[in-house]
Amino acid sequence: MRHTLPIAPQFYVTAPQSCPYLEGRSERKLFTALQGENAEKLNDALSKQGFRRSQNVLYRPSCAECAACLSARIRVADFTPSRSQRRTLKRNVDLRRDATSPWATEDQYALFRRYLDSRHADGGMADMDIFEFAAMIEETPVRSRVVEYSVPAATPQDRRKLVAVCLTDVLDDGLSMVYSFYDPDRAAHSLGTYIILDHIEIARRSGLPYVYLGYWVPGSKKMGYKAGFNALEIYKNGRWQDIGNPADHSGKTHPLSVEPIAEQVARIALPETRPTTPTKR
């Protein structure tokens, strides 16, 4: 008989801090370290349960009285672009995609700084320096790629211009878009939407069923765009379900909306380790 043991990571909870999505609320995260030879298995398993990766940490919102943050993913096989999304694809037909190893460059950081200064000057990443940026890109214990998008050079002597970047994890059932940023001067090109559309195409060609988008938050303008993609699922009440009408989901607070931490951890399904040496019976 072969015996397997579940991977048993330790889970922790952060102290409450200001919520970046809904004004006047505080956020709290349930998290665990992502390390060792079973890191990919753990990332795959917990991503299916609403967790997200940040460097070598997996986390999921666990706020005291709020359950507004809902992990979202697109069913690749069922997705069809809307009319406006088809226009976005046409506007960006000249972009070249290059998928590379997770390695930070000065061009990426320069674009990242312009993006933050224009779109998120008061956000939690506003003070990130080049070393912290490199850590965000490079500190990954799982299979990750940096997907770069560039436009043709103005002259033969020039280099192609980098206009968008996405740090992407390759899961066993899809692509997880960890973080993306783009040229704020190309707002008319809807690069954020284009990156998602292109990742859907990458997943389709790779035979992967899902593209994970991170969290959709009812009532948050920052996250509202995700509901514009059809074939969208959300992780709610412990299972993936079609989003249906976005207006049916509430971001209101309620003292009983979140289970106690101990119950949340007990419900997490963990992967198993490799089989041990067979034992005689």
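The values are calculated or read from the model by the stated rules, or taken from the named source; none is laboratory data. The structure displayed is predicted, hence computed values, not measured ones. Virtual Cβ from ideal backbone geometry, glycine too; neighbours counted across all protein chains shown.
Is it the case that Met128 is at pLDDT below 95 and surrounded by 12 or more Cβ atoms within 10 Å (Cβ to Cβ)?
The answer is yes for Met128.
In segment 149-165, is there at least one residue being touching a residue at least 12 places away in the same chain (Cβ under 8 Å) and among the hydroxyl-bearing types (Ser, Thr, Tyr)?
yes
Among residues belonging to segment 215-259 that are of a type in the set (Lys, Arg) and either over 15 Å from Lys48 (Cα atoms) or not in a strand (DSSP E or B) (or both), point out the one that is nearest to the chain's Cα centre (by Cα).
Lys226
Considering only segment 30-53, state which residues are at pLDDT below 95 and either within 15 Å of the chain's Cα centre (by Cα) or acidic (Asp, Glu) (or both).
Of everything in segment 30-53, just one residue is at pLDDT below 95 and either within 15 Å of the chain's Cα centre (by Cα) or acidic (Asp, Glu) (or both), namely Glu37.
Any idea how many residues of segment 96-118 are closer than 12 Å to Val165 by Cα, surrounded by 13 or more Cβ atoms within 10 Å (Cβ to Cβ), over 20 Å from the mean Cα position of the chain (by Cα) and not polar (S, T, N, Q)?
Adding up the residues that qualify gives 1.
The rows are residues; the columns are (1) over 26 Å from Ile74 (Cα atoms); (2) modelled with pLDDT of 95 or more.
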residue: Leu111; (1), (2): yes, yes
residue: Ser118; (1), (2): yes, no
residue: Asp122; (1), (2): yes, no
residue: Met136; (1), (2): no, yes
residue: Pro152; (1), (2): yes, no
residue: Gln157; (1), (2): yes, no
residue: Val163; (1), (2): no, yes
residue: Leu171; (1), (2): no, yes
residue: Ser176; (1), (2): no, yes
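Hey, among Gly228, Gly214, Gly251, Gly238, which residue is farther than 30 Å from Ser144 by Cβ and either in contact with a Leu (Cβ under 6 Å, 6 or more places away or on another chain) or small (Gly, Ala, Ser) (or both)?
So the residue among Gly228, Gly214, Gly251, Gly238 that is farther than 30 Å from Ser144 by Cβ and either in contact with a Leu (Cβ under 6 Å, 6 or more places away or on another chain) or small (Gly, Ala, Ser) (or both) is Gly251.
Any residue at all in segment 61-82 that is under 23 Å from Ala187 (Cα atoms) and of a type in the set (D, E, K, R)?
No - not one qualifying residue is present in segment 61-82.
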